Amino acid sequence: MAIVTTKDMFAKAYNGGYAIGAFNVNNMEIIQGITAAAIEEHAPLILQVSKGARAYANHIYLMKLIEAAIEDAQENAGFDLPIAVHLDHGDSFELCKSCIDGGFSSVMIDKSGLPFDENIAITKQVVEYAHDHGVVVEAELGTLAGVEDEVKVSAEDSSYTRPEDVQEFVERTGCDSLAIAIGTSHGAYKFTAAQCTRDENGILVPPPLRFDILKEVEKRLPGFPIVLHGSSSVPQEFVKLINQYGGKMPDAVGIPESQLREAAKMAVCKINIDSDLRLAMTASIRQHFAEHPDHFDPRQYLKPGREAIKKMVQHKLVNVLGCNGKA
Ligand code: G3H
Ligand code: 13P
Ligand code: ZN
């Protein structure tokens, strides 16, 4: 199987009450860990590449590694792994065009920070080029807090999506899916301590997601795939491990998995998870060095790092997305 678009994946996910996991990739071990999990769970997959990932690893390396993963799945697992390759947070027409010309099957144009009409104009331009080339487009309305491509968006500058805008936006742009802001946020520090309450163990509990907004959007766009960014849950056991082995991540906090599972049963068809994979890989590498201070061969610590990514993705596919067995 070649690289596929998200069209068919989203139609099935919408009707089946589950979501597809979109995981960010930056190197071989991350790609191998994620695809190994998807093969084992028979799950369709979106591998996404940020502007930063392209700058780090180079477009062609990432494409060839993803193609290798598809070929390897077919040859060694006898399994046609459906993978969509997606540009995460494209910030210009030129960047989207470069990814479309370079073989991606899906791009995001994120102009959610611009006024409504300007967001529509550039999104429409990307949609026209993408559709001419058989590529699908994700757009965004509303602003998430957190870090995007190394730029910090403060909680004050973030704003929930206005349900009354979504129909006009989708009609005028022709986009294929829509990312909305209902209280998720990028990175491992999604909320300040002041925005949270604490549970009986002193762990920060974030404000709940705005399911009322999601329901209203769903009502206005029946059958249309909705996307959630910033959906890492920042599992405290990994934060603890990182801190235990020399890290310093006080008050890292994420979105409870139970709420994301609920969203996946609704119109949400794509859930973006990156930080949790970073936490899992970093925790395992820190632990490895603490237990083997004499090791200096990168294979010795990247192997457990890759294994940690696989375990984390398997957990998400089964317990958060519910897309295991759907490929
Ligand atoms: O939303 C952003 C993703 O987590 C990608 O992060 O820009 O550090 O590659 P990045
Ligand atoms: P997290 O930082 O919550 O993993 O979000 C990732 C994301 O939205 C990538 O676009
Ligand atoms: Zn994002």
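The values are calculated or read from the model by the stated rules, or taken from the named source; none is laboratory data. Worth saying up front: this structure is predicted, and the values here are computed from it rather than measured. Cβ placement follows ideal geometry from the backbone for every residue including glycine, while neighbour counts extend to all protein chains displayed.
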| field | Hits in segment 42-64 (condition: in contact with a strand residue (DSSP E or B) (Cβ under 9 Å, 6 or more places away or on another chain) and of a type in the set (A, V, I, L, M, F, W, C)) | value | Ala43, Leu45, Ile46, Leu47, Val49, Ala53, Ala57, Leu62, Met63
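So which residues in segment 235-275 are of a type in the set (D, E, K, R) and either farther than 23 Å from Ala53 by Cβ or in contact with a Lys or Arg (Cβ under 7 Å, 6 or more places away or on another chain) (or both)? Even if it seems obvious, please write down each step before you answer.
As a first pass, look at segment 235-275 and keep what is of a type in the set (D, E, K, R): 237, 240, 248, 251, 257, 261-262, 265, 270, 274.
Of everything in segment 235-275, those that are of a type in the set (D, E, K, R) and either farther than 23 Å from Ala53 by Cβ or in contact with a Lys or Arg (Cβ under 7 Å, 6 or more places away or on another chain) (or both) turn out to be Glu237, Lys240, Lys248, Asp251, Glu257, Arg261, Glu262, Lys265.
Kindly establish whether Tyr56 is within 10 Å of ligand 1 (Cβ to nearest atom) and either over 17 Å from Val107 (Cα atoms) or not aromatic (Phe, Trp, Tyr) (or both). Working first, answer last.
Working: within 10 Å of ligand 1 (Cβ to nearest atom): yes; either over 17 Å from Val107 (Cα atoms) or not aromatic (Phe, Trp, Tyr) (or both): yes.
So Tyr56 passes the test.
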| field | Exclusive hit being of a type outside the set (Gly, Ala, Ser) and either assigned to a helix (DSSP H, G or I) or more than 18 Å from the chain's Cα centre (by Cα) (or both), set Asp8, Asp88 | value | Asp8
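Can we say Met312 is buried (at least 23 other Cβ atoms within 10 Å of the Cβ) and farther than 27 Å from Asn15 by Cα? So that I can check it myself, show each step before the final result.
On the way: buried (at least 23 other Cβ atoms within 10 Å of the Cβ): yes; farther than 27 Å from Asn15 by Cα: no.
In short, no.
Quick check: anything in segment 49-70 within 15 Å of Leu317 (Cα to Cα) and either assigned to a helix (DSSP H, G or I) or out of contact with any helix residue (DSSP H, G or I) (no Cβ under 6 Å at 6 or more places or on another chain) (or both)?
Of the residues in segment 49-70, the ones within 15 Å of Leu317 (Cα to Cα) are none.
No; the residues of segment 49-70 include none that is within 15 Å of Leu317 (Cα to Cα) and either assigned to a helix (DSSP H, G or I) or out of contact with any helix residue (DSSP H, G or I) (no Cβ under 6 Å at 6 or more places or on another chain) (or both).
May I ask you to list the residues in segment 24-41 that are touching a strand residue (DSSP E or B) at 6+ places or on another chain (Cβ under 6 Å) and surrounded by 24 or more Cβ atoms within 10 Å (Cβ to Cβ)? Show your work before the answer.
The first filter runs over segment 24-41 and keeps only residues touching a strand residue (DSSP E or B) at 6+ places or on another chain (Cβ under 6 Å), leaving 24-25, 34, 38.
Val25, Ile34, Ala38, listed by residue number.
From Arg286, Arg306, Arg278, Arg299, which residue is outside any strand (DSSP E or B), of a type in the set (Lys, Arg) and surrounded by fewer than 18 Cβ atoms within 10 Å (Cβ to Cβ)? Even if it seems obvious, please write down each step before you answer.
Values: Arg286 fails: surrounded by fewer than 18 Cβ atoms within 10 Å (Cβ to Cβ); Arg306 fails: surrounded by fewer than 18 Cβ atoms within 10 Å (Cβ to Cβ); Arg278 fails: surrounded by fewer than 18 Cβ atoms within 10 Å (Cβ to Cβ).
Of the residues listed, the single one that is outside any strand (DSSP E or B), of a type in the set (Lys, Arg) and surrounded by fewer than 18 Cβ atoms within 10 Å (Cβ to Cβ) is Arg299.
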| note | Cβ pairs under 8 Å, 6+ apart or interchain, first in segment 94-123 and under 18 Å from Asn24 (Cβ atoms), second surrounded by fewer than 23 Cβ atoms within 10 Å (Cβ to Cβ) and of a type in the set (Gly, Ala, Ser), ordered by first then second residue, are Ser105/Gly134
| query | Taking Gly78 and the conditions (1) within 16 Å of ligand 1 (Cβ to nearest atom); (2) of a type in the set (Gly, Ala, Ser); (3) surrounded by fewer than 18 Cβ atoms within 10 Å (Cβ to Cβ), which numbered condition does it fall short on, given that it satisfies the others? | reply | (1)
| remark: Out of (1) closer than 20 Å to Val49 by Cα; (2) modelled with pLDDT of 95 or more, the one Gly146 does not meet is (2)
| Candidates Asn272, Asn243 - the one that is within 16 Å of ligand 1 (Cβ to nearest atom) and either within 27 Å of Lys310 (Cα to Cα) or buried (at least 24 other Cβ atoms within 10 Å of the Cβ) (or both) | Asn272
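Of the residues Asn272, Asn324, Asn319, Asn243, only one is of a type in the set (S, T, N, Q) and free of Cβ contacts under 8 Å to residues at least 12 places away in the same chain; which?
Numbers: Asn272 fails: free of Cβ contacts under 8 Å to residues at least 12 places away in the same chain; Asn324 fails: free of Cβ contacts under 8 Å to residues at least 12 places away in the same chain; Asn319 fails: free of Cβ contacts under 8 Å to residues at least 12 places away in the same chain.
It is Asn243.
Please specify each residue of segment 43-63 satisfying the condition of being of a type in the set (Ser, Thr, Tyr) and free of Cβ contacts under 8 Å to residues at least 40 places away in the same chain. Give the steps one after another, and end with the answer.
The first filter runs over segment 43-63 and keeps only residues of a type in the set (Ser, Thr, Tyr), leaving 50, 56, 61.
The answer is Tyr56, Tyr61.
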| task | Any chance you could count how many residues in segment 73-85 are hydrophobic (A, V, I, L, M, F, W, C) and in a loop (DSSP other than H, G, I, E, B)? | result | 2
| Condition test on Pro250, is it more than 17 Å from Ala13 (Cα to Cα), touching a Pro at 6+ places or on another chain (Cβ under 8 Å), away from ligand 1 (no atom under 16 Å from the Cβ) and at pLDDT below 95? | no
| said: For Ala264, only one of the following conditions fails: (1) closer than 20 Å to Gly33 by Cβ; (2) crowded, with 19+ Cβ neighbours inside 10 Å. What is its number? | reply: (1)
| remark: When Ser233 is run through (1) more than 13 Å from ligand 2 (Cβ to nearest atom); (2) in contact with a Pro (Cβ under 9 Å, 6 or more places away or on another chain), the failure sits at (1)
